[in-house]
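Chemist: Below is a structure I'd like to ask you about.
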Amino acid sequence: MKTFYIETFGCQMNTHDSEKVIGTLVEKGYRQVDKVADAELVLYNTCSIRDKAEQKVFHRLDQFKREGKGKIFGVLGCVAQQEGERIFERAPHVSLVAGSASYTKLPEMLIQLEAGNRRVTGLSLHTTETFDTPYTSRDNPHRAYITIIEGCDKACAYCVVPFTRGPERSRTSESVLREARSLAELGYTEVQLLGQNVNSYRDPSPAGWDFAKLLDETGKIDGLRRIRFTTSHPRDFGKSIVDAIDENETLCNHVHLPVQSGSDAVLNRMQRSYTRSDYLRRVEWMRKAQRDIAMTTDIIVGFPGETEAEFNETLRLIDEVEYDAMFIFKYSKRPNTPALQYEDHIPEEEKTRRFTLLQEQQRSIQIRRNARYVGKTEQVHVEGYNPATSQWIGRTSQHKTLNFADAQLPAPAGAETLTGRYLDVLVTRAGPNSLAGQSVF
Ligand code: SAH
Ligand code: SF4
Ligand code: F3S
């Protein structure tokens, strides 16, 4: 039997692509192993979003080579698409280079590799296809990803994704709902709808559903208790999404809406196609919703030319919105992107200073926001057990981590575990990044 090893970096889209790649390989008679040394085929699913990603990939490919001779190496994902055939020059031991827009051709590519072809590529971005496969290997039996839209048609000045994932293309609503229903039948209770811009979804079938309609219908599937979605783009974020959340208890009351900057001038240079006030209008819809919707965001500090005054507008924005959590990134130069040509790149120390300021301010906001939960009972989906703290790990609908003790099952006992169950937990303590409590009966 043929064996393979796969290592995955990057966003949830990449993680889920790997689940589909694994499913496809298993269907073709391969067996997954967890050591490079034991594998005949070694795959590396890469991310290119920031921080000299290419160099890291080549370094890791060198390490793989030292794990033994006679193996076939393949590079997948965003660095594969970005670097293309250059990978064969810099890492001649690699035989397969394929971006995510070519994974539907994976079975053909495997046949070529098995036939001894040492230069197999899947690099075309001209596709309307989505990687829609029944062979998905999911290792979490409770929570499942579903890709609803692939690629990206936006053109943010700093971002490689439009070059690495191809054009935006949505699955039909019928195919998405079929997968969601079959997951519910298999016992999954939580699904997460995925896309670089999940809310740019547009059903290509005559039904022509938009994202809010798809959410609404997914929310009604029997057996599914929680539906999440990520990432939403502010430009395409309509009020109907908030209405769908209000109407369906199963849609989690959490929206990740990356703002990137609080300054109109910076947003304009970033080519984000919304203004600060457009963004704040969307925040207002969520604040006025009947449900308490948690909001999280991404911010880039030190975008080329970002002045102190522009940065301060970001600090003011986060005070105004009061996010529940935030991912902060220092701008990093990416190949092919327009921002590379911009002037006034910000020195690294200055990016670090802004990063720290933002982080500290957000930390106090999170302490304040999380303190509101103390004394309240929250329902969690149990994700596992942490032996280091002797606590169960739960996740609230708002995507907050709530660690808790359970009087009836203080620790996993044999096959008995709380993982996958939904429990009510009384919150007794709150920190900046998580809550803690005690399950109630
Ligand atoms: N499609 C999503 C974002 C996907 S990338 C959206 O548009 O919101 C995830 C995050 O990485 C982005 O939100 C951005 O904050 C960050 N990012 C992307 N390119 C970057 C770069 N060149 N430097 C620093 N951060 C970057
Ligand atoms: Fe990148 Fe912008 Fe597309 Fe998001 S919307 S993936 S940041 S280009
Ligand atoms: Fe990285 Fe590609 Fe995702 S660049 S963040 S793996 S879309």
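The values are calculated or read from the model by the stated rules, or taken from the named source; none is laboratory data. Computed from a predicted structure; not experimentally measured. Positions of Cβ are generated from backbone atoms using ideal geometry, with glycine treated the same way; all protein chains shown enter the neighbour counts. Ligands, DNA and RNA are excluded from the accessible area calculation, which covers all protein heavy atoms including side chains. Shrake-Rupley method; radii C 1.70, N 1.55, O 1.52, S 1.80 Å.
Chemist: Checking Gly68 against (1) in contact with a helix residue (DSSP H, G or I) (Cβ under 8 Å, 6 or more places away or on another chain); (2) within 16 Å of ligand 2 (Cβ to nearest atom); (3) at pLDDT below 95, which single condition isn't satisfied?
Modeler: Every condition holds for Gly68 apart from (2).
Chemist: Please go through segment 22-50 and pick out each residue that is away from ligand 3 (no atom under 16 Å from the Cβ) and aliphatic (A, V, I, L, M).
Modeler: Looking only at segment 22-50, we keep the residues that are away from ligand 3 (no atom under 16 Å from the Cβ), and these are 22-42.
Selection gives Ile22, Leu25, Val26, Val33, Val36, Ala37, Ala39, Leu41, Val42.
Chemist: Taking segment 362-406, which residues are assigned to a loop (DSSP other than H, G, I, E, B), aliphatic (A, V, I, L, M) and touching a strand residue (DSSP E or B) at 6+ places or on another chain (Cβ under 7 Å)?
Modeler: Taking segment 362-406 and keeping what is assigned to a loop (DSSP other than H, G, I, E, B), we get 372-376, 387-390, 397-400, 406.
Then keep just the ones that are aliphatic (A, V, I, L, M); that gives 374, 388.
Hit for segment 362-406 is Val374, nothing else.
Chemist: If we keep just the residues of segment 3-29 that are free of Cβ contacts under 8 Å to residues at least 60 places away in the same chain and over 24 Å from the mean Cα position of the chain (by Cα), which is surrounded by the most Cβ atoms within 10 Å (Cβ to Cβ)?
Modeler: Looking at residues that are free of Cβ contacts under 8 Å to residues at least 60 places away in the same chain and over 24 Å from the mean Cα position of the chain (by Cα), I get Phe4.
Chemist: Are any of the residues in segment 324-342 of a type in the set (Ser, Thr, Tyr), under 30 Å from Glu247 (Cα atoms) and outside any strand (DSSP E or B)? Working first, answer last.
Modeler: Of all residues in segment 324-342, those of a type in the set (Ser, Thr, Tyr) come to 331-332, 337, 342.
Keeping just the survivors that are under 30 Å from Glu247 (Cα atoms) gives none.
No - not one qualifying residue is present in segment 324-342.
Chemist: Could you check segment 32-103 for strands (runs of 3 or more DSSP E) lying wholly inside it with 1 or more residues that are in contact (Cβ under 8 Å) with a residue 12 or more places away in the chain and open to solvent by 30 Å² or more (accessible area, probe 1.4 Å)? Spell out the reasoning first.
Modeler: Values: elements: 41-46, 72-76, 94-98.
By residue number, 72-76.
Yes/no matrix, rows are residues, columns are (1) open to solvent by less than 10 Å² (accessible area, probe 1.4 Å); (2) in contact (Cβ under 8 Å) with a residue 24 or more places away in the chain:
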residue: Val176; (1), (2): yes, yes
residue: Gly195; (1), (2): yes, yes
residue: Gly208; (1), (2): no, no
residue: Asp216; (1), (2): no, yes
residue: His254; (1), (2): no, yes
residue: Val259; (1), (2): yes, yes
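Chemist: For segment 286-302: of the residues being surrounded by fewer than 17 Cβ atoms within 10 Å (Cβ to Cβ) and outside any loop (DSSP other than H, G, I, E, B), which is farthest from ligand 1 (Cβ to nearest atom)?
Modeler: Going through segment 286-302, the residues surrounded by fewer than 17 Cβ atoms within 10 Å (Cβ to Cβ) turn out to be 287-290, 292, 298.
Checking the rest, the ones that are also outside any loop (DSSP other than H, G, I, E, B) come to 287, 298.
Numbers: Arg287: 20, Asp298: 3 Å.
Among those residues, the one meeting the criterion is Arg287.
Chemist: May I ask you to say which residue of Arg143, Arg181 is in contact with a His (Cβ under 8 Å, 6 or more places away or on another chain), away from ligand 3 (no atom under 16 Å from the Cβ) and basic (Lys, Arg)?
Modeler: Details: Arg181 fails: in contact with a His (Cβ under 8 Å, 6 or more places away or on another chain).
One residue alone meets the criteria, Arg143.
Chemist: Tell me, which residue of segment 130-147 that is among the hydrophobic types (A, V, I, L, M, F, W, C) and assigned to a strand (DSSP E or B) is farthest from Leu224 (Cα to Cα)?
Modeler: Taking segment 130-147 as the starting set, the residues that turn out to be among the hydrophobic types (A, V, I, L, M, F, W, C) are 131, 144, 146.
From what's left, assigned to a strand (DSSP E or B): 144, 146.
Numbers: Ala144: 11, Ile146: 13 Å.
Selected residue: Ile146.
Chemist: Answer yes if at least one residue in segment 104-118 is of a type in the set (Asp, Glu), more than 21 Å from the chain's Cα centre (by Cα) and either more than 16 Å from ligand 2 (Cβ to nearest atom) or in the same structural domain as Lys71 (by TED's automatic domain parsing) (or both), and no otherwise. If you could, list the steps in order and put the result at the bottom.
Modeler: From segment 104-118, those of a type in the set (Asp, Glu) are 108, 114; that's our starting set.
From what is left, the residues that are more than 21 Å from the chain's Cα centre (by Cα) are 108, 114.
If we keep only those that are either more than 16 Å from ligand 2 (Cβ to nearest atom) or in the same structural domain as Lys71 (by TED's automatic domain parsing) (or both) as well, we get 108, 114.
Within segment 104-118, one or more residues are of a type in the set (Asp, Glu), more than 21 Å from the chain's Cα centre (by Cα) and either more than 16 Å from ligand 2 (Cβ to nearest atom) or in the same structural domain as Lys71 (by TED's automatic domain parsing) (or both).
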